Structures are given as structure tokens and as C-alpha cells.
Amino acid sequence: MTRPVSTVMSGKALSQTLGGNLGIEVPDHPLIRKLSIYTKLSLEEQRAIADATTKTISLQANDEIASRGEKVSGVNLLLEGFACRFKFLEDGRRQILAYLLPGDLCDLHVFLINRMDHSIAALVPSKVAIIAPARILRFTDEFPNLTRALWWSTLLDEAITREWVVNTGQRTAYERMAHLFCELFHRFRAIGQTRGLSCRFPLTQTALGDTLGLSSVHVNRTLQDLRRNGLVSLRNGILRIDNLEALEREALFNCDYLHLDNHRPTFSS
């Protein structure tokens, strides 16, 4: 993986694209959009988020957002693109641990540790905002509702990790690939990045193997089985689900762990 060639967006430019201090386009901010699934954020809370994400970095595919062993200086928020969390074994084998979509925080509490114990990289051209630790602490000190929403987001990350453990340990290759397709489709749909039953899916067969614990040959064979059964097609980085209900049934997929049903819990002070 290569390190990113960074560019820092000015506060004015970010205000035009993300709302910044204007309070007009703020709801289009990826993190605000994600947290709004769980709770209603006040305009003041929305502005606090936008103000915290004025420093941005542009990355190319395979650029590392954070590298194992490096000192942590802040929380990374994916604004645009698609990224993954991963670890390498000493012999070069890679395990992908999670996928990050726009609005996802790359480890909310990572600044509490000294150094990264894993790496995070962009899989396509992406944009990341760096949130200073002091800004996160300000959220916890001044905005209890926002803090609870961030906790909710962290719990979602943990729920996905638990499901991935079950996926690798108990589901067959066919089931686990179908399950990953279902999960990413639902996550993309929650942030408005699907068209009908299609979504972007910029993963190589090698990346699928590193995610699901399968060889390249097994990945190819499983993809062919899913296509042959009329469930999905994958072409030019686009995943098309031909029968979502059947795909979910084959995957033993239950969407509850994603908490994406627009339920907004009531947080009392």
C-alpha cells in the first residue's frame, strides 16, 4: 500500500461542499446523514460536526489512510469513496477486517491508543477528514445527544464485526459471499448510494478472498454459482442483485444487526 498524496481543503471550500458554518447544506454531510439514522441532531450539533471536519485529504486507490505501527494523531472520517481495514501476516497474507463507507469513522476511539495495530486503506479514489482529538472531546463535553449517537455508531461497528466472525466460522463459502453482498447493499442503500437493486462494488476477487477467507479459485467458483442461480451479477465494479429476497434467504441474512430501519431511539438526558 502507498501513502496518500494529500491535499488540504480550505475552510471556505469545505463550507461550500459540506455546509461548514453556513448551516444550509449541513444535512448533506456524510457523518450527519449516518447519525441521523439513529437520532435527530440539532442544528448546533450538525454545525459542530461540520466545523470539526474542515481538514481533508484526497487519496488514490490503495493509498493508506492509517498504517499499522504509526502514531495516531486524530480520528479519520471517510467523506467519499470506499475503504477497508486490514492486517498483514508476517508472510504477506492479508485479512480484510471491515469495509468503510462514506460517513464511517475509522475507529472513533483510536486516538486513545499510542499506535495503530492495523491498517486502513482506500480502495478507490476517496476523501477523508481528520478530526482532532480535542474536537471529539468537545462532543462528549458539550453535546450529550451527539455523544450517544456516536456510541450507537460504534456499537454498529461491533455488531458488524460479530457478524463477520460468524460468517467466517459457520457459514459456507456460498452463504458468506451472499451475506457480504446483502450487507454492503443494505449499507449503501442506507446512505443513498444505490440505484434500484444495484450498487457500486469495487472489489477484486483477491479482495473478496481476503475478506471471506477463500482462495481465488474458490471465490471465482462461488461467484459463478451465485450468477448461475440467478441471484447476482458483478460487472465493471457494479453489483446487481437480481433477487434480494432469495439472496438473503440463501445467506441466512437478518438485517437487524445493521440497525438501519430508521428507528431513532429516544435519548434522555
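The values are calculated or read from the model by the stated rules, or taken from the named source; none is laboratory data. Computed from a predicted structure; not experimentally measured. In this analysis, Cβ positions are derived from the backbone assuming ideal geometry, glycine residues included, and neighbour counts consider all displayed protein chains.
Among the conditions (1) at pLDDT below 95; (2) under 22 Å from the mean Cα position of the chain (by Cα), the only one that Ser268 does not satisfy is (2).
Screening Ile131, Ile160, Ile65 for residues that are closer than 27 Å to Leu260 by Cα, at pLDDT 95 or above and among the aliphatic types (A, V, I, L, M) leaves exactly one candidate, Ile160. Checking every residue in region 238-261 against the condition of being exposed (fewer than 15 other Cβ atoms within 10 Å of the Cβ), modelled with pLDDT under 90 and within 23 Å of Arg162 (Cβ to Cβ) gives at least one match. The set of residues in region 56-73 being in contact with a helix residue (DSSP H, G or I) (Cβ under 7 Å, 6 or more places away or on another chain) and surrounded by 19 or more Cβ atoms within 10 Å (Cβ to Cβ) consists of Thr56 alone.
Elements of the type helices (runs of 4 or more DSSP H) sitting completely within region 85-190 and holding at least 1 residues that are touching a residue at least 60 places away in the same chain (Cβ under 8 Å) and more than 30 Å from Leu223 (Cβ to Cβ): these cover 133-142, 144-170. Does region 210-221 include one or more residues that are in a strand (DSSP E or B), touching a residue at least 60 places away in the same chain (Cβ under 8 Å) and closer than 23 Å to Ala246 by Cα? No, the conditions are met nowhere in region 210-221. From the residues in region 177-231 that are of a type in the set (S, T, N, Q) and closer than 24 Å to Asp28 by Cβ, which one is farthest from the chain's Cα centre (by Cα)? The residue in question is Ser198. Residues in region 203-234 that are under 20 Å from Pro125 (Cα atoms) and either in the same structural domain as Ala98 (by TED's automatic domain parsing) or loosely packed, with under 15 Cβ neighbours inside 10 Å (or both): Thr204, Thr206. Just one of the listed residues (Glu175, Glu183) is among the acidic types (Asp, Glu), over 29 Å from Ser67 (Cβ atoms) and modelled with pLDDT of 90 or more, and it is Glu175.
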